[in-house]
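A short worksheet on the structure shown next.
The values are calculated or read from the model by the stated rules, or taken from the named source; none is laboratory data. Since the structure is predicted, the reported quantities are computational estimates derived from the model, not experimental observations. With ideal geometry, Cβ positions are generated from the backbone for all residues, glycine too; neighbour counts draw on all protein chains shown. The accessibility values were calculated without ligands, DNA or RNA, using every heavy atom of the protein model including side chains. Shrake-Rupley method; radii C 1.70, N 1.55, O 1.52, S 1.80 Å.
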Amino acid sequence: MPISTLDDIITNIAAGKFTIAMGTSVTTSTVTAATTNSGSQTLVIAPISIGSTWPTSMASYQTAPALSGDYHHLSMVYSANASTRGGGLARFYRVGTLNLAGTGNQFTHDAATFPLTRTIFGAATQPIALIPVIMLTAPTTVTAPQFQLQTSGGAAGYVNQDGTSVIGTKNFTLPVANVGSAFFLRMNDGDYACRDITQINVSVAATAGAADVYLMELLADGIAGQHVGSLYDNVVDGGLRLCRINPAAATSGTASSFLALTSFVTSGTTPSMISLAVKG
Amino acid sequence: MAPNFASSTPTINAGLVAEAQNGALHRSFGRRGSSSTAALATCGSVSCYRMPGTVPIPSPGSGVAGFVFPTMNTWTEDPCIMLAGIEYELGSLTVSTNTFSAGSSMPTETIRGVSVQTAAAFCFAVCTVAVTATTPTLTITYTDQDGNTGNSCAPVLPTSPLIDTAFFLQPHLANGDTAMRAVTNMSISTGSAGTIRVFGLLPLTISHNTSSQMFASDMLGFFGPDYISTTSDKIAVYRVTSATASDFIGMYTGLPDPT
């Protein structure tokens, strides 16, 4: 039955109408820390260990296959299996790739058309805005590259949370970083999320370097304990809307995505988790 | 009408009265776990192990229908996630003869006053006798969470998995399925020895442990159905996210559910 009460959630769980994501992530290496000009928050993206080659081949934590309908994320137990750190569970949708070894328009959008959409409070096909992130797939060398979310001709480079095309004016200075380092992209003052990225102008190129560009959908975050699994309860901590663990749909085509654990410190980790989401 | 935890409005007074009259069930148990064979992306993507032996539910006193287990304290030697649940054997396969034997179906339970046909989202294929086979494909035909028959899953197992290695089946169910109500057939593509059983769990507790630390499990929290465990039930414990040998101690308190 569609859920509208706590009893409905409990009944659906008893009926086996829920999906489980569980496993252990890859052991990540130490990454390069962020600075105030590169997103101000260090980020490690840790996909499931089995099937992944971090950071170039990111397998997703598996759920029940081809979920039909919405599955609402309820709770998660997450352990860093390393020093205690902030982190969580997120789905990463790849928007495209960025070449950091050349100047000018260096972003290539994937074939899928954005924005991503979900049913929000009963309204179908609503655009969603997520958190833009890059992760290095090839390390930058010699020179710290700089870029802005705009075209080389000064036109808009991203679509913000309201659907407005924006000329990104913040200069992002990427530190010379090792592969797997991830950073939150800088948007203009007043913007807090992104529906799409359309172009990135690299004004200062590195000698080498490349990155994947993602939109991050946060499902659960908190503190991952060293010695104990931290419990994240989405009903209490998720606000008015339970996050969905099933992927959002692209406007056209299929946006590739994967579920991964995140942490917010530079040191490597081998986190593990179990997560439950009930059929809506 | 006698108060009952399974009613839609269970009362605290009913629970206290039941406990005063019949006593809470306290049980501790330990298991020495062995190494298991690591999973692959083709068989669950998470290494699992079924702790040998199950914990039977004792016969309750008169006036008590069974026990509800709201939580469990667990300790393990090595970091892992521990899953405890009421276990049902849905079917088994003798590898040498490729012969299937039917088991039971998932039961009907009264949850918050509503009769619910349960289904096992936590469903595992367990090598209860070590298997001799080279990357075999295990095909399981089952009845899904909606009662549809004839769906199948076909995980590909690693070569000759160790005894009590468990493979998580949910990721390999048919598209759109999340659970099994029953297993109607099993077969294997190759193999000369071993026994594989499919178990379904009604989850009671899920906890994460690391070495030398005890964790009071409450992951299911207020989402967890109050299954009433009766004399014929058995509690099984699974180690997930780790193939490393690890000892386990569990302590649970069962609250009596009055008839």
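Once Rh is set to the Kirkwood radius over Cα pairs, what Stokes-Einstein translational diffusion coefficient, in µm²/s, holds for segment B:31-92 at a temperature of 4 °C and a viscosity of 1.567 mPa s?
Numbers: Rh = 15.1 Å.
In µm²/s, the coefficient rounds to 86.
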- Message: Out of all Cα-Cα pairs in segment B:25-162, roughly what percent, to the nearest whole number, are more than 26 Å apart?
- Response: 37 percent
- Item | Pair residue A:109, residue A:36: separation of 7 Å Cα→Cβ label points (nm) | 3.4 nm
- Zero-based 10 Å bins, Cα pair distances in segment A:137-223, whole percents: 17, 45, 31, 7, 0
- Against the longest principal axis of chain B, how steep is helix B:12-22, in degrees 0 to 90 to the nearest 10, with axes from Cα atoms? 80 degrees
- Difference of contour (0.36 nm per residue) and Cα-Cα distance, residue B:234 to residue B:97: 46.5 nm
- Message: Could you report the buried accessible area between B and A, both sides summed, computed with a 1.4 Å probe and given in Å² to the nearest 100?
- Response: 3700 Å²
- Task: Would you pull out the residues with amide H under 5 Å of residue A:52's amide H, same chain only if 5 or more places away, H placed 1.01 Å from N?
- Result: A:59
- Query: What does segment B:86-169 give for Rg and for Dmax, in Å, if only its C-alpha atoms count?
  - Reply: 14.5, 48
- Message: Largest first, please: the extent of the C-alpha atoms of the protein assembly as shown along each principal axis, to the nearest Å.
- Response: 82, 55, 45
- Note the per residue figure in Å³ for the convex hull of the C-alpha positions in segment A:74-192. 156 Å³
- For segment A:1-108, what percent of Cα pairs sit more than 25 Å apart? 42 percent
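How much mean residue ellipticity at 222 nm does the protein assembly as shown get from its helices, if each DSSP H run of length 4 or more adds -39500 (n - 2.57) and you divide by all residues, to the nearest 500 deg cm²/dmol?
-1000 deg cm²/dmol
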- Pop out the ³J(HN,Hα) list for segment B:122-134 in order, Karplus 6.51 cos²θ - 1.76 cosθ + 1.60 with θ = phi - 60°, rounded to Hz; leave Gly and Pro as x. 7, 10, 10, 9, 10, 7, 6, 10, 3, 9, 10, 6, 9
- Note on the structure: If N is the residue count of segment A:145-191, its Cα Rg over 2.2 N^0.38 Å rounds to 1.25
- Please check which bits of segment A:162-180 a label hung off residue A:204 would reach, taking the label as a point 7 Å along Cα-to-C-beta and the cut-off as backbone N under 14 Å. A:171-177
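Could you tell me what fraction of 2.2 N^0.38 Å the Cα radius of gyration of segment A:103-157 comes to, as a two-decimal ratio?
Output field value: 1.58.
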- Message: Could you give the length gained by full extension between residue A:126 and residue A:97, i.e. 0.36 nm per residue of separation minus their alpha carbon distance, to one decimal place?
- Response: 7.9 nm
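How would you order B:164-174, A:151-161 from highest to lowest mean count of nearby Cβ atoms within 10 Å?
Details: B:164-174: 25.0, A:151-161: 17.2.
With the highest mean Cβ count within 10 Å placed first, the list reads B:164-174, A:151-161.
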- Message: Counting only protein heavy atoms and a 1.4 Å probe, tell me what percentage of segment A:123-183's accessible area is made up of carbon and sulfur.
- Response: 57 percent
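Rounded to the nearest 0.05, what FRET efficiency do residue A:68 and residue B:104 give with R0 = 35 Å and r taken as the Cβ-Cβ distance? Could you check?
0.80
When a/c reaches 1.5 or more, the comparison of a/b and b/c decides; with that in mind, is segment B:86-226 rounded, prolate or oblate per its Cα gyration tensor?
Oblate, because a/c is 1.5 or more while a/b does not exceed b/c.
Which value results for Rg/Rh of segment A:1-47 when Rg is the Cα radius of gyration and Rh the Kirkwood radius based on the inverse mean 1/r?
Numbers: Rg = 19.5 Å, Rh = 14.7 Å.
We get a ratio of 1.33 for segment A:1-47.
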- In Å, what Rg and Dmax follow from the Cα atoms of chain B? 18.6, 59
- Message: Would you calculate the convex hull of the Cα atoms in chain A and tell me its volume per residue in Å³?
- Response: 121 Å³
